1. Using 7 Å Cα-to-Cβ label points, what is the ARG150/GLU123 separation (nm, one decimal)?
2. Rounded to the nearest 20 debye, what is the charge dipole size of the chain about its Cα centre when +1 sits on each Lys and Arg Cβ and -1 on each Asp and Glu Cβ?
3. Packing-wise, with mean Cβ within 10 Å as the measure, how do 126-136, 89-99, 2-12 rank, highest first?
4. Within the chain, how many Lys pairs that are eight or more residues apart, or on different chains, come under 18 Å at the alpha-carbon?
5. Under the 0.36 nm per residue contour assumption, what length would be gained going from the current alpha-carbon distance of ARG101 and ASP189 to full extension?
Amino acid sequence: MILQQGLQELNLTADEKQIELLLTFIKLIEKWNKAYNLTAVRDQEDMVRLHLLDSLAILPHIEGNHIADIGTGAGLPGIPLAIFSPNVKFTLVDSNSKKTRFVQQAILELQLTNVSVINNRVENIQTEKQFSSLILRAFSNMQNIITLTRHLIGKQGIVYAMKGQIPSEELVNFNEQYTIIPIKIPGIDAKRCLIRITGIKNG
């Protein structure tokens, strides 16, 4: 089975309940995709690789007790990460109301008590307590990411940008402290990396 084999390659231990939740989540995406156009990926095996394993590949590198997934789309990577991190609080943010409606329904059907949803543009979010970490998957260029999310994260917080190839041009004039973490996704040949940004100024 592609999912279980992929989890083994990622050195992630999953119980039957977690496997069941992940597969139910994929089925929900498939079901809603026809009306809501959640993802261009249509094949279930591709969804497992490009959505589930892609999301979970970053799990060993993520820190924080309240994480915001900015531009979550169909709930990626937030929902797979939340299934594997029941003690971490996740807030999934997207400006597309169709997508947040789907995510809300998925949270209900999967009975995830550690996930909430915000339907808003990231720059318009008001929060009294800043998040410990932010995750952005194919969201924007590096400088934009910091400009748009700076108000959501404190100086101790971490921003994780999920990227394909290393965005060398974007990093030329990028003044934040960052580390590039290579990411290997089982069954996917394409290059992936996670850029971990710390010590964000004026956070």
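1. The two pseudo-label positions are separated by 1.2 nm.
2. Numbers: 21 positive and 19 negative charges, 93 e Å.
Approximately 440 debye in magnitude.
3. Details: 126-136: 17.4, 89-99: 20.2, 2-12: 15.4.
Order by mean packing, descending: 89-99, 126-136, 2-12.
4. 13
5. Details: separation 88, 0.36 × 88 = 31.68 nm, distance 3.25 nm.
Using 0.36 nm per residue and subtracting the Cα-Cα distance, I get 28.4 nm.
No value in this document is a laboratory result; all are computed from the given coordinates. It should be emphasised that the depicted structure is a prediction, and the values quoted were computed from it without experimental measurement. Ideal geometry is used to build each Cβ from the backbone, glycine not excepted, and the neighbour counts take in all protein chains shown.
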